[in-house]
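In what follows, a single structure is set out as structure tokens and then discussed.
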Amino acid sequence: MFIHIGGDTVVSTKEVISILDHQTMKSSKINKAFLNEKRKTVVDHSEEETKSYVITQDAIYCSPISSLTLKRRAQFVDSLDQVPFAQAEVEELT
């Protein structure tokens with residue numbers, strides 16, 4: 001499944017390593033160094049203010065959507081992925 005992270009960008013949930021809050025990234029020297037080191041792979045398609053970073057194997061995406069909202073979307077997508085298994089188990093029991 002995919003998560004819409006803002007603008008025209010969607011990311012596969014299987015590729016997401018971490019979703020970090022912009023303030024957390026800004027306040028940590030280690031996180032700043034990580035971003036500067038990976039600057040070539042930072043993708044920022046949005047003209048809006050960055051509120052979070054979505055880290056995948058291939059890139060770091062800047063998102064105008066809060067990290068909490070993205071987390072909820074990821075959990076919702078994850079719950080959708082598990083629904084068919086639960087239905088199959090119920091069908092086996094009946």
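The values are calculated or read from the model by the stated rules, or taken from the named source; none is laboratory data. All figures in this text were calculated on a predicted structure; none of them were measured in a lab. Cβ: placed from backbone, ideal geometry, glycine included. Neighbour counts: every protein chain shown. Surface areas here come from the heavy atoms of the whole protein model, side chains and all, with no ligands, DNA or RNA. Shrake-Rupley method; radii C 1.70, N 1.55, O 1.52, S 1.80 Å.
Within the range 28-53, the set of residues being of a type in the set (A, V, I, L, M) and either open to solvent by less than 40 Å² (accessible area, probe 1.4 Å) or in contact (Cβ under 8 Å) with a residue 24 or more places away in the chain (or both) comprises LEU35, VAL42, VAL43.
Contact map, the range 11-27: first residue among the small types (Gly, Ala, Ser), second residue open to solvent by 40 Å² or more (accessible area, probe 1.4 Å), Cβ cut-off under 7 Å, separation 6 or more or different chains; pairs are SER12/PHE2.
The set of residues in the range 14-66 that are touching a Phe, Trp or Tyr at 6+ places or on another chain (Cβ under 8 Å) and part of a helix (DSSP H, G or I) comprises HIS22, MET25, LEU35.
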